[in-house]
Amino acid sequence: MKYLPAAAVLLILLLYRRRRKLGLKIARAKLRRGHYDSALRWVSWSSLGNSDVRALHQGGLILDLAGRLAEAERRYRTALAVLHDGSAYPRERLHTSLGSALLDLGRYAEAEACFERAIQLGDQTGISEDGLAEVQLAQGVEADKALAYVRRAIELWKWRTGRVHWIFYANHAWALALQGRAEEARQSLAQAFGEAEPGAPETADLHWRAGMALLALQQHEEAREHFRIGRDADPRGKYGRRCAELFNKAA
């Protein structure tokens with residue numbers, strides 16, 4: 001029994017040193033289930049409430065997926081402000097995240113500038129190009145430009161990983177659908193579903209994009225079914241709520 005206090009101290013020290021890794025791991029697990037408030041609490045615990053860049057960025061991503069876009073924007077901007085020049089943290093990732101929030105807020109010119117800035121800073125993931133494609137898709141304009149951007153995103157991601165992220169395939173399908181290229185759009189959607197990852201936000205996001213592509217193809221009933229699935233997959237998240245709005249609008 002006399003060794004219990006020392007063991008407890010050791011355990012506390014171990015948890016203290018590993019709190020960031022443990023907290024972020026749990027936060028990601030909560031996020032995948034669509035438990036946004038709980039995920040935010042674990043991010044805060046992982047940094048003991050300190051506003052370091054990683055915690056600010058992770059918190060911003062959770063707020064973004066929860067649809068709390070103004071709060072997400074503030075966290076991203078704060079992270080950029082505190083990130084010093086010598087930091088190894090990838091500044092371009094913050095710009096792509098900020099661009100995504102601004103895109104969803106309808107501030108397209110600002111979003112475009114963020115994605116272009118990320119590319120200037122050396123982003124080679126394809127995420128910035130995909131963001132530029134989404135700027136066009138969200139406005140329903142210049143499908144040719146959107147298609148060129150998303151194809152570049154596919155090339156870059158494949159070059160780095162040997163695979164293609166499902167979101168690029170989904171946006172590729174959406175751009176093709178806006179051009180009326182139904183068969184090719186459906187092929188890309190099938191590829192998106194083949195690469196999709198499990199998780200509430202991802203599922204709702206994928207079905208929202210599939211629904212948007214099908215709306216562009218005038219396939220309203222099929223699109224509505226995707227919106228229903230997305231709504232039910234993540235009712236508390238940004239994409240789940242978007243799906244719910246579109247499902248109800250199509251009723």
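The values are calculated or read from the model by the stated rules, or taken from the named source; none is laboratory data. Since this is a predicted model, take the numbers as computed values, not measurements. Positions of Cβ are generated from backbone atoms using ideal geometry, with glycine treated the same way; all protein chains shown enter the neighbour counts.
Can you confirm whether Trp174 is assigned to a helix (DSSP H, G or I), of a type in the set (Phe, Trp, Tyr) and surrounded by fewer than 16 Cβ atoms within 10 Å (Cβ to Cβ)? Considered against the rule, which asks whether it is assigned to a helix (DSSP H, G or I), of a type in the set (Phe, Trp, Tyr) and surrounded by fewer than 16 Cβ atoms within 10 Å (Cβ to Cβ), Trp174 comes out as no.
Do the conditions hold for Arg241, that is, is it touching a residue at least 24 places away in the same chain (Cβ under 8 Å) and closer than 17 Å to Ala138 by Cα? Judged against the criteria, Arg241 is a match. Of the residues making up segment 214-246, those that are closer than 21 Å to Leu65 by Cβ and either at pLDDT below 95 or not aromatic (Phe, Trp, Tyr) (or both) number 19. Selection of segment 90-119 for residues being aliphatic (A, V, I, L, M) and assigned to a loop (DSSP other than H, G, I, E, B) yields only Leu105.
Residues in segment 141-153 that are surrounded by fewer than 21 Cβ atoms within 10 Å (Cβ to Cβ) and within 20 Å of the chain's Cα centre (by Cα): Arg151, Arg152.
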